[in-house]
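The values are calculated or read from the model by the stated rules, or taken from the named source; none is laboratory data. Keep in mind the model is a prediction, meaning the values are calculated, not measured. Note that we place each Cβ from the backbone using ideal geometry, even for glycine, and neighbour counts take in every protein chain shown. Heavy atoms of the whole protein, side chains included, go into the accessibility calculation; ligands, DNA and RNA do not. Shrake-Rupley method; radii C 1.70, N 1.55, O 1.52, S 1.80 Å.
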Amino acid sequence: MTLVTATERSAQGVPRAEGDRRPPDRGAWFLVLPALIPILVLSVGPLLYGILLAFTDAQSGRTRATQWIGGLNFQDLLHDTLFWESFRIGLVWAVGVTVPQFLLALGLALLLDQDLRLRWLARALAIIPWAMPEVVVGVIWRLVYNPDAGVLNETLRNLGLGDGRDWLSGLSTALPAVIVVGVWAGMPQTTVTLLAGLQNTPRELHEAAAMDGAGAWRRFRTVTWPALRPVALAITALNFIWNFNSFALVYVLTSGGPGGRTRLPMLFAYEEAFRYGQFGYAAAMGLVMVAVISLLLALFLVGRLKDRTGGDQA
Amino acid sequence: MRTSTTGRTGQYAALLAYLAFLAFPFLWLVSTAFKSPRELGSLHPTWIPRDPTLDNFRQAFDEQPLLRAAGNSLLAASAAAVIAVLIATPLAYVMARHRTRLAKAATGWVVVSQAFPLVLVIIPLFLVLKNLRLINSLAGLVLVYVVWALPFALWMLVGYVRAVPTELEEAAAVDGAGRLRTLVSVTAPLLAPGIVATALFAFITAWNEFFFALVLLKTSDKQTLPVVLTHFIGAEGVADLGPLAAAAFLATLPSLIIFAIIQRRVTGGMLAGAVKS
């Protein structure tokens, strides 16, 4: 979420109004070092170290020294069908969560932007999935999906829609079932972000458009959407990355099962590293994940920027 | 803008559908937590427990070291929040007030750090912490949480610093106050609410965190609440529903309460620069 601002700014090329260009005087180092040292030692350092590890045969609990093996891990990865299967599942999951999440959140944000009575309740409820530990979200939905004592099957039975099933263990139902949970878990944050974007569009524009006799859809297309677009773009890109890299939710719901049908890349890499001790190989997986996702995002953002300059901004 | 009555009705119907979707899983958790074992075993579960009981809570505490885990979580999350805010505030100040290469690099790092899959960071961290003998120790976990909390802490704080007018600081400087003096006596008090909100948010994030805790903490006397929660789900994926629900309910309460208090500030802080500009 922190990123919204950053992406925003750089996307729009808006210079900051405040702050001066003077370099900080010597006293400033005293302010900067307390944060800079931990960042360098515990974040940037490990990141670089992690990239290096991807080119080694590092394993846990081994006495022999770790060796530099060049691109061998990547060669192995290329032929690792299980990894690419998990990669494919990761993409299906990330798109499957991000798109409905965005559409639902947009709908809710538009509703909450109206003068409706239950607004406060919706805002209060929206907090619940957001503030909850992911593990708890997973637990909750295990209770909902429980084949015997779960509310979902009971509701289906009451509606006469069959006897229900074991959603999380079914080969064909497991992935859709966890995707629904992903949508639920991330909707509030997306909603609140979009709502904040909506509340920054000038009211007068809406009123002027309404006076010109523009219907709801036209007002949305010509006034709301153009103003909301940068925020929508940033939050969608972010949600995609976060979803692709997610772990805890699915770990608690299915641990990647049944038969690997919900094994996201992070679950795969986690098992590889901390169950089988293949540190180098798991690091290589991480690196491939970053590379492919960055590429996809770059294509997405370039595409969006292009059709932005190519008109449509009435 | 006027909306027709049918439009209004449609809007309320949609809003109610959303409310149901958002609320029902949580309500089901609460309902399950208070159900008796007999009712949990029944094939036709009800929304309202017929004879509500606290047995699940008692059993949850019996089965797993919940109190200990909550203590571990509390310790790790508060330490991480306090340290993160203490070291982030000065850097955020410099980032907000000076457009230097350093500030830009820090901003770039904030952005990049969001995109990396955690596995690429946790493996080397695991090796480093192992050499420092900080595996299975809360101190090691706190170190990781501090760095993990820094990006968004920085980002929120930069927004709060920008909201403090520079004129106040300049006035203090004219009056002969040094940089540190100005910071402590002029800027810090105005920043206080933002700093508190940032710390609380850092606390919740650490309280809820699972992946690092799962990897770094080995024994159940050191584990945090989210990790211990997963112990209620057996190896075969079979869970004792009642105690699981009870423990999950308890684990959520603190972050729900804190989040309800700071929610407005968090979104405000996050979006301060984003939508305006």
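Compute the accessible area of each residue in the stretch B:77-97 twice, once for its chain alone and once with every protein chain present, using a 1.4 Å probe on heavy atoms, and list those whose area falls by at least 30 Å².
B:Ile87, B:Pro90, B:Leu91, B:Val94, B:Arg97
Nearest 10 degrees, 0 to 90: what angle lies between the long axis of helix B:119-131 and the longest principal axis of chain B (Cα atoms)?
With both axes taken from Cα atoms, the answer is about 80 degrees.
Going by Cα centres, the stretch A:236-309 and the stretch A:159-222 are how many Å apart?
24
Do you know the relative contact order of chain A, to the nearest whole percent, from alpha carbon pairs under 8 angstrom that are 6+ apart?
Over chain A, the number comes to 28 percent.
In whole Å, what three semi-axes, largest first, describe the equivalent ellipsoid of the stretch B:1-101 built from its Cα gyration tensor (square root of 5 times each eigenvalue)?
In descending order, the three semi-axes are 41, 34, 8 Å.
Would you compute, for the Cα atoms of the stretch A:157-236, the largest minus smallest coordinate along each principal axis and list the three values in descending order, in whole Å?
54, 30, 17
Give me the accessible area per residue for the protein assembly as shown, probe 1.4 Å, as a whole number in Å².
44
Can you pull the one-decimal nm distance between simple spin-label points at B:Leu86 and A:Trp68, each 7 Å off the Cα toward Cβ?
It is 4.0 nm.
For the B and A pair, go ahead and give the buried accessible area with a 1.4 Å probe, both sides summed, in Å² to 100.
9600
So if I average 1/r over every pair of distinct C-alpha atoms in the stretch B:169-259 and take the inverse, what Kirkwood radius in Å does that give?
After inverting the mean inverse Cα-Cα distance, the result is 16.7 Å.
I'd like the mean, over residues of A:40-52, of how many other protein chain beta carbons sit within 10 Å of each residue's own Cβ.
That works out to 6 on average.
Over the Cα atoms of the stretch A:208-314, what Rg and Dmax result, in angstrom?
That works out to 20.6, 67 Å for Rg and Dmax.
Please work out the FRET efficiency for the pair B:Thr219 and B:Arg38, using the Cβ-Cβ distance as r and a Förster radius of 35 Å; give the result to the nearest 0.05.
0.50
Go through the stretch A:211-224 residue by residue and turn each phi into a ³J(HN,Hα) via Karplus (6.51, -1.76, 1.60, θ = phi - 60°); whole Hz please, and just put x for glycine and proline.
The phi angles translate into 5, 6, x, 6, x, 4, 5, 5, 4, 4, 5, 9, 10, 5 Hz.
Over the Cα atoms of chain B, how large are the radius of gyration and the largest Cα-Cα distance (Dmax), in Å?
Here Rg and the maximum Cα pair distance are 23.4, 77 Å.
Can you give the accessible area of B:Arg179 in Å² (nearest 10), computed on protein heavy atoms with a 1.4 Å probe?
80
Compare the Cα positions of A:Gly107, A:Gly197, A:Asn146 along the charge dipole of the stretch A:81-221 (+1 at Cβ of Lys, Arg; -1 at Cβ of Asp, Glu; about the Cα centre) and return the one farthest towards the positive end.
Working it through, the farthest residue towards the positive pole turns out to be A:Gly197.
How large is the convex hull of the C-alpha atoms of the stretch A:93-224 per residue, in Å³?
151
With a 1.4 Å probe and all protein chains kept in place, how do B:Phe249, A:Phe300 rank by accessible area, largest first?
Per-residue accessible area, sorted high to low, gives A:Phe300, B:Phe249.
In the stretch A:245-267, what residues drop by 10 Å² or more in accessible surface going from the chain by itself to the full protein assembly, probe 1.4 Å?
Checking the loss per residue gives A:Asn245, A:Phe247, A:Ala248, A:Tyr251, A:Val252, A:Met266.
With the convex hull built on the Cα atoms of the protein assembly as shown, state its orientation-averaged projected area in nm².
Mean projected area of the Cα convex hull: 30.0 nm².
Projected onto the charge dipole of the stretch A:166-304 (+1 at Lys/Arg Cβ, -1 at Asp/Glu Cβ, origin at the Cα centre), which of A:Asn239, A:Ala210, A:Leu264 gives the Cα projection farthest towards the positive end?
Of the options given, the answer is A:Ala210.
Convert 37 °C to kelvin, take the viscosity as 0.692 mPa s, use the Kirkwood radius over C-alpha pairs of the stretch B:56-97 as Rh, and evaluate the Stokes-Einstein diffusion coefficient in µm²/s, rounded to a whole number.
D, rounded to a whole number, is 259 µm²/s.
Taking the full set of protein chains and a 1.4 angstrom probe, give the accessible area of A:Arg275 in square angstrom, rounded to the nearest 10.
Counting only protein heavy atoms, A:Arg275 exposes about 150 Å² to solvent.
Of B:Ile48, B:Ile122, which has the most accessible area with a 1.4 Å probe, and how do the rest follow in descending order?
Ranked from most to least accessible, the order is B:Ile48, B:Ile122.
Using a 1.4 Å probe on the protein heavy atoms only, what accessible surface does A:Ser172 show? Give it in Å² to the nearest 10.
90
Determine the share of the protein assembly as shown's accessible area contributed by carbon and sulfur atoms, expressed in whole percent, with a 1.4 angstrom probe.
Summing carbon and sulfur atoms, their accessible area is 64 percent of the total for the protein assembly as shown.
Any chance you could tell me what percent of the C-alpha pair distances in the stretch B:44-132 go past 17 Å?
76
Leaving ligands, DNA and RNA out of it, rank A:Glu271, B:Glu170 by accessible area with a 1.4 Å probe, largest first.
Ranked from most to least accessible, the order is B:Glu170, A:Glu271.
Using θ = phi - 60° and the Karplus relation 6.51 cos²θ - 1.76 cosθ + 1.60, list the HN-Hα couplings for the stretch B:6-19 in order, rounded to whole Hz, with x at every Gly or Pro.
Once rounded to whole Hz, the list reads 5, x, 4, 4, x, 4, 5, 4, 4, 4, 4, 4, 4, 4.
Using only the Cα atoms, what convex hull volume per residue in Å³ does chain A have?
Expressed per residue, the convex hull around the Cα atoms of chain A is 215 Å³.
Going out from 0 in 10 Å bins, what whole percent of all Cα-Cα distances in the stretch A:240-295 drops into each bin?
24, 52, 24, 0
Let's see if you can work this out: charge +1 on each Lys and Arg Cβ, -1 on each Asp and Glu Cβ, no other charges. What is the dipole magnitude of chain A about its Cα centre, in debye to the nearest 20?
The dipole of chain A has a size of about 400 debye.
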